[in-house]
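*Asks:* Sharing a structure with you now.
The numbers here are math on the coordinates, done by the rules we state, and not lab data. Everything numeric here is computed off the predicted structure, so don't read it as measured data. Cβ atoms come from the backbone with ideal geometry, glycine included; neighbour counts cover every protein chain shown.
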Amino acid sequence: MRITDVRFERLHGTYRTSAGHSVARQVGALDVYPEYRGRRPQAGDVYDDLGERPISEVYVFVDTDEGITGTFGPIYVDQAFQIDLHLRQHLIGKDPLATERIWDILSRQDRHARRGYMMMAISAVDMCLWDIRGKAAGLPVYRLLGGPTRDAIPAYVSTLGHATEPERVFSQARAYLEEGYTAQKWFFPCGPGDGQAGIETNMAMVRAAREAVGDASELMFDAWLGWDVPYAIEMGRRMAPYNPAWLEEPVAPDRIGAYAEIRRATGIPIAGGEHEYTRWGFKVLLDAEGVDVIQADPDWTGGITEMLKICALVSAYDKPVIPHGHSTLPALHLIAAQSPAVCPRLEFLIVHNPSKQWFHTEQFFPEGGMMRLPQTPGLGITLDEDRIESRTPLSWR
Ligand SMILES: [Mg+2]
């Protein structure tokens, strides 16, 4: 089998939702500047019960001479640009089943390929190649990886985009518990620039979530790069009585010493790694004893090929890998093929998944807190022609 083309399309349609979620304040790295701290809404925010709105998403397609096409998306247009300009020339004519060889070539073809958008581009290509492998074998990807290790995967609900006012947190956290989720993650609205009042606002969210779920659910909290060391230690001291399962990304990902310092000072498990790349990045993080939970994202960190190596590495440190859930299917396949001791559960971004899966014929949402496994060959992304109103081919060559 040979690769004959690598293509990109922006799909356009109309997204319809009946889910009501408010515009949420979420702390972030730019919050050190007042003009950013005050901005509403922020990237990643969603709106109350929009009914319908235009939606457009970018997909990458890898065609082969045997009529099998690998499909992956949605991806950022920045990834498509990198693939088209830099990676495509190394793919045409190659054997798509030789995923290890292609990953190695793509990671060596440019000295800047080790991180950032180029590694994210390699990740997207790798997804297409695994989709081709699965379709060629007539098996879902997790079967090729040695799974399933379980019939269904426990999911934790990630509430990015939810309102953080205590009364809304309380009712939503209780609703998720009643739905069957045994773990949920909330996002802090405030950071150092918001002063003492912000600490109280953050703590009101923590208290409301814990009061809503009692001891029946694990609770995790995400600071999304928005804090500094003193603030994280102060928040950690206040949060500790509420028994958080982890504190996520309290500072920017390159501040590895700060991660270790916060971890030692608070005694709270630290989660991170969704913005880290490849096994070499994670080895530094692990050796520094900066993290307890590794959150590599298959979509960004090097694809399924690299995730297998990251899981092997992390398991030797006896830490869990709970992949970041930027898109659900790649993480689902990976987790389904790893020991429950290595990958215990799936992150499910409950507000964002319906739009990310909008153009797919088969959509994956947890039921009773559990995610079923895909049964179709490949990754399981089939585009729903009824929802595609138009397509714009993308090319930068
Ligand atoms: Mg996060």
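*Asks:* Highest mean first, what order results for 166-175, 107-116, 152-161, 194-203 on Cβ atoms within 10 Å?
*Replies:* Working: 166-175: 17.3, 107-116: 14.2, 152-161: 22.6, 194-203: 15.8.
The most tightly packed comes first, giving 152-161, 166-175, 194-203, 107-116.
*Asks:* I'd like the distance separating the alpha-carbon centroids of region 147-162 and region 172-213, in whole Å.
*Replies:* 20
*Asks:* Sticking with this one: Measuring from centroid to centroid over Cα atoms, what is the spacing of region 68-95 and region 238-288 in Å?
*Replies:* 32
*Asks:* When the convex hull of the C-alpha atoms of the chain is computed, what volume per residue in Å³ does it have? Provide the component values of the computation, followed by the final result.
*Replies:* Numbers: hull volume 53.8 nm³, N = 397.
Convex hull of Cα atoms, per residue: 136 Å³.
*Asks:* Also: Pop a pseudo-label 7 angstrom from the Cα along the beta-carbon direction at both residue 175 and residue 287 and give the gap in nm to one decimal.
*Replies:* That separation, rounded to one decimal, is 4.7 nm.
*Asks:* So, one more: Compute from the Cα atoms of region 143-372 the Rg and the Dmax, the latter being the longest Cα-Cα distance, and quote both in angstrom.
*Replies:* 17.0, 52
*Asks:* Given a Förster distance of 51 angstrom, what is the FRET efficiency for residue 229 paired with residue 1, based on the Cβ-Cβ distance and rounded to 0.05?
*Replies:* Numbers: r = 52 Å, r/R0 = 1.01.
The computed FRET efficiency comes out at 0.50.
*Asks:* For the chain, what is the mean residue ellipticity at 222 nm derived from helices alone (per DSSP H run of n ≥ 4: -39500 (n - 2.57); sum divided by total residues; nearest 500 deg cm²/dmol)? Kindly include the intermediate steps, with their values, before the conclusion.
*Replies:* Values: 14 runs with 142 residues, N = 397.
It lands at -10500 deg cm²/dmol.
*Asks:* Compute the acute angle (0 to 90°) between the alpha-carbon long axis of helix 116-137 and the principal axis of greatest extent of the alpha-carbon atoms of the chain; round to the nearest 10°.
*Replies:* Once rounded, the angle reads 60 degrees.
*Asks:* Helix 99-108 versus the longest principal axis of the chain: what angle, 0 to 90°, nearest 10, using Cα atoms?
*Replies:* Tilt relative to the chain: about 70 degrees.
*Asks:* Here's something else I'd like to know. May I ask you to order 298-310, 62-74, 179-191 by the average number of other C-beta atoms within 10 Å around their residues, highest value first?
*Replies:* Details: 298-310: 25.1, 62-74: 20.1, 179-191: 22.2.
The densest-packed peptide leads the list: 298-310, 179-191, 62-74.
*Asks:* What pairs in 135/319; 283/356; 319/356; 309/356; 185/319 have C-alpha atoms more than 25 Å from each other?
*Replies:* On the way: 135/319 33 Å; 283/356 31 Å; 319/356 29 Å; 309/356 27 Å; 185/319 19 Å.
From 135/319; 283/356; 319/356; 309/356; 185/319, over 25 Å: 135/319; 283/356; 319/356; 309/356.
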